[in-house]
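First up is the structure itself, then whatever we jot down about it.
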Ligand code: GLN
């Protein structure tokens with residue numbers, strides 16, 4: 001790679017967008033630099049399932065021509081982006097990391113994808129993920145795991161490990177993830193990147209293949225808070241095609257990311273989300289960040305959310321219940337893989353053989369759990385109870401937000417673990433999301449941003465900021481303030497430290 005191209009891949013999306021709009025560099029040059037980087041490193045990282053080079057270069061060319069014609073361009077015009085393979089893109093294979101969808105080419109774009117196109121971003125391809133977004137390591141992808149660029153023997157988090165690893169490996173300056181229980185935030189934490197789960201209903205779910213419809217939310221992934229804010233502003237907003245989409249103005253996240261003044265802001269430390277079960281190195285970086293926030297003039301208070309202790313249990317009833325129902329449509333008849341269609345098998349046999357061959361072990365486990373929790377006689381005891389716990393968690397948040405404007409916690413209890421370490425232990429895997437799940441259950445919004453490297457192992461640590469529904473701007477206000485305090489302290493942005501691949 002030439003040094004000019006090496007320089008381009010290390011720039012933020014905001015810097016690239018400004019350079020492209022000034023005509024200092026073309027979108028084609030920026031896109032080529034990223035495609036070259038993908039070609040050079042993705043064999044080792046495996047962040048991508050599909051690289052749509054030809055289409056990417058064509059759209060970059062079209063954007064460059066549009067600029068030359070003097071037409072108005074979007075804020076991130078000409079900047080490359082990668083999209084998690086759970087969002088549909090017209091004509092491009094969409095697998096959700098599963099064999100059951102192999103060969104399926106959706107006939108339509110997800111709303112998030114059409115908004116990226118409308119804002120003149122350049123889509124580089126689709127990123128790897130745990131099958132149907134179930135997992136915290138990307139090891140449950142039917143297409144092999146993604147590797148963490150900080151240490152290729154470690155997981156990049158999940159389910160959106162591909163979107164996070166692609167950022168950390170400088171294969172793309174921006175990506176899209178989805179978060180049902182932490183799949184944007186936990187990968188962000190373990191790769192030293194920024195990830196935001198917007199308020200439920202803030203970003204359209206149209207064209208997002210459903211895992212658990214009442215929890216799923218797509219959101220921005222980036223290497224800086226400002227880049228995430230710009231991307232958030234592009235994808236958020238009402239969509240009549242999603243009945244759960246909120247019909248209200250999108251909070252001004254870009255202005256909030258620019259403001260950075262948190263004097264007098266009340267920040268709540270959630271007692272239940274730190275301490276036991278969290279690595280010492282994670283807590284050390286977290287506590288230092290709390291001091292930095294205080295130094296910036298914020299008022300830090302401790303809050304208690306007693307029902308958070310039951311969040312994991314409630315989530316692992318609600319999620320499998322919804323997933324078992326959502327995944328019923330993958331029956332070998334309508335999409336992708338079909339097995340045993342030999343003229344003598346019955347329809348039921350073909351369905352059963354297709355599902356047997358097409359789904360991996362974790363997906364089957366959750367379908368069984370969900371089907372059981374919803375079965376007559378058990379429905380009230382499991383699903384019904386879990387819904388009650390969900391209400392209690394929402395009330396805990398409401399009470400905490402009376403005392404604090406935002407809440408904070410470590411994003412994940414540990415730094416990136418080794419590939420293979422937890423894959424055979426579902427409970428150990430589920431525990432990664434202990435701090436991220438409450439937000440999904442309540443429908444709030446949250447951000448994870450990097451706050452340093454753990455002194456124990458030199459791997460990135462993430463801090464989570466949580467805000468009430470439709471107060472997404474507060475995430476960016478606090479996130480940008482903390483990010484600049486951390487940058488002042490170290491003299492550079494953390495992500496520049498990623499070892500050379
Ligand atoms: N790790 C969680 C799970 O396996 C989160 C998944 C997600 O957010 N998509 O369910």
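Packing, as the average of other Cβ atoms within 10 Å across residues, places the peptides 73-82, 143-152, 251-260 in the order 73-82, 143-152, 251-260, highest first. Listed peptides 457-463, 261-267 appear in the order 457-463, 261-267 once ranked by packing, highest mean of other Cβ atoms within 10 Å at the front. For the stretch 370-501, a/c is not less than 1.5, where a ≥ b ≥ c are the root eigenvalues of the C-alpha gyration tensor, and a/b does not top b/c. That puts it in the oblate class.
When a/c is below 1.5 the answer is rounded, else prolate if a/b is larger than b/c, else oblate, so apply that to the stretch 88-181 with a ≥ b ≥ c taken from the square roots of the Cα gyration tensor eigenvalues. Taking the square roots of the gyration eigenvalues as a ≥ b ≥ c, the stretch 88-181 is oblate. Of 394, 244, 436, the sequence from fewest to most neighbouring Cβ atoms within 10 angstrom is 244, 394, 436. By DSSP, the beta bridges lying fully in the chain are antiparallel in about 65 percent of cases.
The residues 307, 34, when put in order of fewest to most other Cβ atoms within 10 Å, stand as 307, 34.
Per residue, the chain reaches -12000 deg cm²/dmol at 222 nm when only DSSP H runs of four or more residues are counted, each adding -39500 (n - 2.57). Within the stretch 54-200, DSSP assigns beta bridges of which about 20% are antiparallel (rounded to the nearest 5).
With N the number of residues in the chain, Rg(Cα) / (2.2 N^0.38 Å) evaluates to 0.92. Orientation-averaged projection of the stretch 370-416 equals 5.2 nm² [convex hull of Cα atoms, one quarter of hull surface area].
Counting every other Cβ atom within 10 Å of each residue's Cβ, 333, 447, 226 order from fewest to most as 333, 226, 447. Rounded, prolate or oblate: which one fits the stretch 175-319, using the alpha carbon gyration tensor with axes a ≥ b ≥ c (rounded when a/c is under 1.5, else prolate when a/b beats b/c, else oblate)? Oblate shape, in that a/c is at least 1.5 and b/c is the bigger or equal ratio. Label sites at residue 352 and residue 387, each approximated as a point 7 angstrom past Cα along Cα to Cβ, lie 3.1 nm apart.
None of the figures in this text is laboratory data; all of them are computed from the coordinates on show. These figures come from a predicted structure and were not determined experimentally. Don't worry about glycine lacking a Cβ; one is built from the backbone with ideal geometry, like all the others, and counts go over all protein chains shown.
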